[in-house]
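In what follows, a structure is listed as C-alpha cells, so that the remarks can point back to it.
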Amino acid sequence: MKDLNILIIGGGIGGLTSAIALRRDGHTVTVIERDPDWSVYGVGIIQQANVIRAMKELDLVDDYMAAGVPFNKVAIHAPDGSLVAEVPMPQLVEGYPTSMGIGRPALHKILGDRTIACGAEVRLGVTATIIEERGDGVDVTFSDGAEGRYDIVVGADGVYSQTREMIMPGAEGPEFTGQAVWRYNFSRPDDLDALHAYNGPIGAGLVPINEDLMYLYLTTPEPDKPRYAQDKLAETMREKMRSHTAQAIREMADAVTDNEGVVYRPLEGMMLRGDWHNGRVVLLGDAVHATTPHLGQGAGLAIEGSIVLADEIAKNDTPQAAFKAYRDRRFERCCYIVDKSLEICRGQLGKGPPVDNAKATAEMFEIVAEPI
C-alpha cells in the first residue's frame, strides 16, 4: 500500500518511531498526543543491541549515540551485592556499541525533532473521542471538535490505551503485579561502565545515561498498590533503599533528596493474545504488550514493532493483511519478553521460583538478536 493517510494516537516512543518509519515510506502522517506539554519524566532508559540496530535502520543512530553513553555488558549481583556474573551484550551493528543508556528527555527530543523534520504533523493536547470505520476509511472525531478521515489508525497510546478500549471492548487490560519501580538520577562514578543489576526481594539496577549521570531503578514489593504523597517520595525511597541487602545500594540512599526527581510507578503488565487490530485500526507498543522492566525491553519492543508495522503496510494490499502479518512477526518475541519479565518479578516477590538473572539475561540477548 502506498500514499496512505495515517493517524497515530500517542506521541511516545512507539508513536514517534512509527511516524518516522511511515513517513520514510511516503505516507501522510498525523500524530496526536494528549499531553499539551509533550513531556516525559527525567530519568533514563536502557537501550540494548536490538534497539541500536533498529535506530540504524531508522537513520537515527548517530544522533542517538551522541546523546547517550555506551556499555557492553550486564554485571549481575547477588542480593548481598557480590558480583556473580558478567554477561556480554551482543554487537548487532558493526562499528557501533552493543548497548547504551540515555536520558528519556534526550531520547524524546531526538524522536520528536525527527518526526517533525520528516514532515509528520504533530497536534498536542488532543485525543480521539470517536473512532468509526466506514467503508474504505476511518472517521475520527477529536477532543477539540475537529474531525478527520484516515486510511489507517495506529493506537500507540500506552498500557491504558483508550484506542484499545474503543475498538476492543472487553479485551485484556493491565494487571498489577504486586511490585513497583522507583527511579532516581545520581552522579555517575567514573568506573561505571556496565549495567549493574541486583537481584533479591528488592531488585535494583545502576544504569549510565550520559557522561555525568546514571540512574537507579529499585523494584519493591507493594502488595496493596499504594500511592505515596508527592512531598514524601524522596523520604520513602530513601527508606526503601536502606532496607536493601546490598551495601552499595544502602549507601546511596542519602543522596535522594528531591521529591520531584523521584519517579514511582506501580508495575502493571499485559499481553493481548488475540488480534492486535480491528478493521483498519491497529495497536502498537504497550497497548498490546506492556512488560515489566526486568529485561529492559519495553521501549525496544515498541521501536521494533513500528518498523515491522511500516514494513508490512508497504508489502501488503490491505490494512487487515498488513496487520495480521505484523502481529504474526511480533507475537512470539513480545510474548517471551512479557512472560519472562513477569517470571523474574514473581520470583523476586516470592510468588514463584527465583530466576537466575544471568541465565535469563543471556537467553534474552540471544532472542532479541534474531531478525525482527
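Descriptive notes on the structure:
- When we screen I130, I110 for residues that are within 29 Å of K56 (Cα to Cα) and surrounded by fewer than 21 Cβ atoms within 10 Å (Cβ to Cβ), the only hit is I110.
- Flag for E304 being acidic (D, E), over 21 Å from I76 (Cα atoms), open to solvent by less than 20 Å² (accessible area, probe 1.4 Å) and part of a helix (DSSP H, G or I): yes
- Cβ pairs under 7 Å, 6+ apart, first in region 25-38 and closer than 15 Å to I13 by Cβ, second small (G, A, S): V31/G11; V31/G15; V31/A19; V31/A120; E33/G10; E33/G11; W38/G11; W38/G112
- The set of residues in region 1-45 that are among the β-branched types (V, I, T), more than 29 Å from Y264 (Cβ to Cβ) and part of a strand (DSSP E or B) comprises I6, T28, V29, T30.
- Residue that is out of contact with any helix residue (DSSP H, G or I) (no Cβ under 8 Å at 6 or more places or on another chain) and either open to solvent by less than 70 Å² (accessible area, probe 1.4 Å) or part of a strand (DSSP E or B) (or both), where the choices are G145, G81, G119: G145
- Selected residue (criterion: nearest to R34 (Cα to Cα)) from residues of region 148-173 that are open to solvent by 40 Å² or more (accessible area, probe 1.4 Å) and outside any loop (DSSP other than H, G, I, E, B): Q162
- If the condition is being buried (at least 23 other Cβ atoms within 10 Å of the Cβ) and either free of Cβ contacts under 8 Å to residues at least 24 places away in the same chain or within 16 Å of I307 (Cβ to Cβ) (or both), then region 39-52 contributes Q47, Q48, N50, V51, I52.
- Residues in region 240-254 that are surrounded by fewer than 18 Cβ atoms within 10 Å (Cβ to Cβ) and either touching a residue at least 24 places away in the same chain (Cβ under 8 Å) or basic (K, R) (or both): R242, S243, T245, Q247, A248, R250.
- Some residue of region 288-305 being more than 18 Å from the chain's Cα centre (by Cα) and either among the aliphatic types (A, V, I, L, M) or within 17 Å of G14 (Cα to Cα) (or both): no
- Members of region 203-239 found to be open to solvent by 20 Å² or more (accessible area, probe 1.4 Å), of a type in the set (A, V, I, L, M, F, W, C) and part of a strand (DSSP E or B), listed by number: L213
- Scanning region 326-356 for residues that are outside any helix (DSSP H, G or I) and of a type in the set (D, E) gives a single hit, D356.
- Test: residue in region 94-103 that is hydroxyl-bearing (S, T, Y), within 30 Å of L216 (Cβ to Cβ) and in a strand (DSSP E or B): yes
The values are calculated or read from the model by the stated rules, or taken from the named source; none is laboratory data. These figures come from a predicted structure and were not determined experimentally. Because the Cβ atoms are built from the backbone with ideal geometry, glycine has one as well, and the counts that use them run over all protein chains shown. In case anyone asks, the SASA skips ligands and DNA or RNA and just uses the protein heavy atoms, side chains included. Shrake-Rupley method; radii C 1.70, N 1.55, O 1.52, S 1.80 Å.
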